[in-house]
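Questions regarding the structure given below will be posed in turn.
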Amino acid sequence: MSTVKNYTTCKGTNRAGSPCGLRPIPGGTVCAWHGGKAPQVKAAAERRLLAAQITADATAVLAHEGLEPVEDPLGELGKLASSAQAMMHALGARVNELNDVEHFDLKSTPQLRVVVELYERAMDRTHRLLDSLVKHGYAERQVALAESEALLVAGVIRRVLAGLGLTKAQVEQAQVLLAEEFRALEGATK
């Protein structure tokens, strides 16, 4: 899947003001006659092609098969934020492998490497998603769900203990043991 917009015709115009009609250079928006041979235009086209290739590779790695309706949009936003964060970390690792984060074009002008630009975009995307989660009360929702689940479990335990016909001392002992086990479980998850 390529993110490069494939222009079928050059965006330049002829002397009469009509569209050029020639094919643009690969990854570019103009033909060789309308600036496609210029070093900066070639460099931009190469960056777009490389960005499209890196994005396609990452998308292939992160792609999931099968589509289902979104039943929990906030939960899915959380998963999307996790994926964006994973992409950011993967691109960050590639940036860390670079010897130089910039290179020089034919006019000795410093240019950032494509992977650095993609990393910066991934950081921005991750920030926006995480900010959206905070604004929509994702953490509070998770706490409310955990509390709701805890109340359900406590209710089940009470009904089971009541259904066993235990003496008052046995019920008290069971409650002490349950409390100890839940504290141990809480300590193990931290």
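Rule-based calculations on the coordinates, nothing more; no lab input. Being a predicted model, the structure only gives us computed values, none of them experimental. Backbone-built Cβ (ideal geometry, glycine too); neighbour counts: all protein chains shown.
To test your reading of the geometry: what angle, between 0 and 90 degrees and rounded to tens, separates the Cα axis of helix 39-62 from the longest principal axis of the chain?
Helix 39-62 sits roughly 30 degrees off the main axis of the chain.
Let me ask something additional. Where does helix 168-189 land angle-wise versus the long Cα axis of the chain, in degrees 0 to 90, nearest 10?
Helix 168-189 sits roughly 20 degrees off the main axis of the chain.
Rounded if a/c is under 1.5, else prolate if a/b is larger than b/c, else oblate: which is the stretch 140-189, with a ≥ b ≥ c the root eigenvalues of its Cα gyration tensor? Display every interim value, and only then the final one.
Details: a/c = 4.07, a/b = 1.64, b/c = 2.48.
Taking the square roots of the gyration eigenvalues as a ≥ b ≥ c, the stretch 140-189 is oblate.
Then there's this: Below 14 angstrom from the Cβ of GLY92, what's the summed charge of the other residues (Lys, Arg +1; Asp, Glu -1)?
Details: positive: ARG94, ARG113, ARG121, ARG125; negative: GLU97, GLU117, GLU120, ASP124.
Here the count lands on 0.
What ³J(HN,Hα) values, in whole Hz, does the Karplus curve 6.51 cos²θ - 1.76 cosθ + 1.60 give for the stretch 112-120 when θ = phi - 60°, with x put for Gly and Pro?
Karplus values, whole Hz, x for Gly and Pro: 5, 6, 4, 5, 5, 4, 5, 4, 4.
Still on this structure, please answer the following. Against the longest alpha carbon principal axis of the chain, how many degrees, from 0 to 90 and to the nearest 10, is the axis of helix 138-163 turned?
30 degrees
Short version: ³J(HN,Hα) in whole Hz for each residue of the stretch 72-77, in order, from phi by Karplus 6.51 cos²θ - 1.76 cosθ + 1.60 (θ = phi - 60°), x for Gly and Pro, what are they?
These are the phi-based 3J(HN,Hα) values: 10, x, 5, x, 5, 5 Hz.
If you take Rg/Rh (Cα atoms, Kirkwood Rh) from the coordinates, which of [x] 0.99; [y] 1.28; [z] 0.93 do you get?
[y]
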